[in-house]
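These notes concern the structure reproduced below.
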């Protein structure tokens with residue numbers, strides 16, 4: 001294996017190149033098409049600021065690694081644009097998700113709807129305006145994601161392989177979001193429901209489909225796509241389980257999100273389902289009374305945290321994370337992948353699971 005190929009699989013180098021593709025596109029003439037200049041330019045400026053904010057870029061990275069897993073070599077321009085389009089699509093999902101959840105912050109900064117409201121605080125309807133403007137911003141992100149993909153210069157074969165996967169990814173995310181919305185606000189012991197939401201919103205959208213997309217660009221066979229899934233699904237579940245723990249026990253200075261958010265919204269997580277199933281009658285009454293309250297105090301949040309610990313739910317989720325992490329790594333023990341690709345996928349797995357933000 002050449003040192004050049006090993007260098008191309010340096011995750012930080014790959015992420016920097018994705019950022020360059022994103023920056024070039026977001027500052028291109030297309031993104032400004034009817035929005036350049038004047039008050040309308042606020043949308044393009046907000047989108048550029050949102051997308052280029054520091055982030056993990058995990059979906060583009062996995063798309064690139066899927067390409068290498070299928071023997072794609074150094075990569076064509078089409079790969080980089082498809083990979084970057086996933087990050088712009090992710091921006092669309094995050095902006096709308098923050099509206100749905102009423103989240104005040106994202107990545108340590110005001111969420112898009114809150115930022116718009118603050119910028120237009122002189123309006124009597126500033127908060128409502130912020131939500132409406134953020135919906136449009138999310139729509140613009142979706143348009144730009146499509147535009148970046150359409151500019152990738154895919155061959156007919158590549159389009160036939162990639163477009164069904166993109167459609168599936170988007171449909172899975174939408175279904176997961178809908179199920180999440182239905183389940184939010186009411187603590188239940190339904191672990192299967194929480195895991196289904198996790199697979200749709202995270203395991204498939206964040207890990208599996210990006211890998212599939214990169215591999216499909218090269219013409220991957222079923223065996224390689226199955227290997228991608230065997231790695232992706234347990235890793236994606238572990239990634240979401242870690243998010244669930246950080247959402248309740250994480251340091252807001254690192255996560256960029258208050259620990260009260262998930263508890264106030266009453267997110268249907270495996271962590272909460274385990275605690276609800278194991279709770280004593282008194283603990284269950286406490287969870288029913290507090291989880292999902294918009295005015296939840298820090299003192300009340302601490303009471304919930306103690307229940308999550310005393311029922312063993314927190315420790316069980318840690319065990320589930322470790323089990324899935326090991327399963328994902330075991331899936332890589334095959335002769336189908338080059339050593340640099342395997343090493344990079346192992347590094348992605350560690351970044352996804354062993355983290356504080």
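Quick note: the coordinates plus some simple rules give every number you see, no bench work behind them. Worth saying up front: this structure is predicted, and the values here are computed from it rather than measured. Every residue, glycine among them, receives a Cβ derived from its backbone with ideal geometry; neighbour counts consider all protein chains shown.
With kT/(6 pi eta Rh) evaluated at 20 °C and eta = 1.002 mPa s, and Rh the Kirkwood radius from Cα pairs, region 174-215 diffuses with a coefficient of 194 µm²/s according to Stokes-Einstein. Sorting the segments 217-225, 63-71 by their residues' average number of neighbouring beta-carbon atoms within 10 angstrom, most packed first, yields 63-71, 217-225.
Shown for region 93-177 is the translational diffusion coefficient from the Stokes-Einstein equation, using the Kirkwood radius over Cα pairs, a temperature of 4 °C and a viscosity of 1.567 mPa s: 88 µm²/s.
Ordering 195, 272 by the number of other Cβ atoms within 10 Å of each residue's own Cβ, fewest first, gives 195, 272. Based on the Stokes-Einstein relation at 20 °C and a viscosity of 1.002 mPa s, and on the Kirkwood radius from alpha carbon pairs, the chain is assigned a translational diffusion coefficient of 101 µm²/s. For 101, 333, 74, the sequence from fewest to most other C-beta atoms within 10 Å is 333, 74, 101. As a proxy for reagent exposure, 82, 304 were ordered by neighbouring Cβ count within 10 angstrom, fewest first; the result is 304, 82. Residues considered: 279, 289, 216. Largest GNM mean-square fluctuation over the chain, using C-alpha springs under 10 Å, is found at 289. Among 236, 185, 335, the largest mean-square fluctuation in a Gaussian network model of the chain (Cα springs under 10 Å) belongs to 335. Normalised Debye scattering of region 233-357 at q = 0.20 Å⁻¹ gives log10 I(q)/I(0) of -1.06, counting only Cα atoms as equal scatterers and leaving out solvent.
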